[in-house]
Amino acid sequence: MNYSNITKLPFSGRLAFIAAILFSFSFIGQASANDFTPAEQAAVDGHFEILAEQQAQSDQELESKLQAEFDEQVSDSEEEFMELTCEAHGYDFDSEISACTE
């Protein structure tokens, strides 16, 4: 292969610099987003309000469920404690009146 036949391509530093600037501006133009119109912003705000209401409702339901489970566990623990205490002192525990009986 004869390399003497390869022609040299002229390279212009100015042309490369201009091409780089145009290339970067094409990305910058695509990266900038348009602002919302007032109607679009109102719609977005409305959706965020709906999401906030749904989240608050879910939080309230979860809190109520956890509170009910906690109350049940406390009640069971109190009853078990009273049964053990009454038994330790030779009494029977009456769950209807929540007291030790002879």
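Can you find, among VAL74, SER58, GLY90, the residue farthest towards the positive end of the dipole of the stretch 44-101? Put +1 on the C-beta of Lys and Arg, -1 on that of Asp and Glu.
SER58
When the chain is fully extended, how far beyond the present Cα-Cα distance does GLN73 get from THR101, taking 0.36 nm per residue of separation?
7.7 nm
Output ³J(HN,Hα) for the stretch 65-77: one whole-Hz value per residue in order, computed from phi by the Karplus curve 6.51 cos²θ - 1.76 cosθ + 1.60 with θ = phi - 60°, and x for Gly and Pro.
So the J values, rounded to whole Hz, are 5, 5, 5, 5, 5, 5, 4, 5, 5, 5, 4, 4, 5.
Given H placed 1.01 Å from N in the peptide plane, which residues other than close sequence neighbours of PHE93 have an amide H under 5 Å from its amide H?
Placed amide hydrogens put THR101 under 5 Å from PHE93.
Which shape class, rounded, prolate or oblate, goes with the stretch 44-101 when its Cα gyration tensor gives a ≥ b ≥ c as root eigenvalues, a/c under 1.5 marks rounded, and past that a/b bigger than b/c marks prolate?
Values: a/c = 11.03, a/b = 5.94, b/c = 1.86.
Taking the square roots of the gyration eigenvalues as a ≥ b ≥ c, the stretch 44-101 is prolate.
The numbers here are math on the coordinates, done by the rules we state, and not lab data. Owing to the predicted nature of the structure, the values given are computational and were not obtained by experimental measurement. A quick note on method: Cβ atoms are made from the backbone with ideal geometry, for glycine too, and the neighbour counts reach across all protein chains shown.
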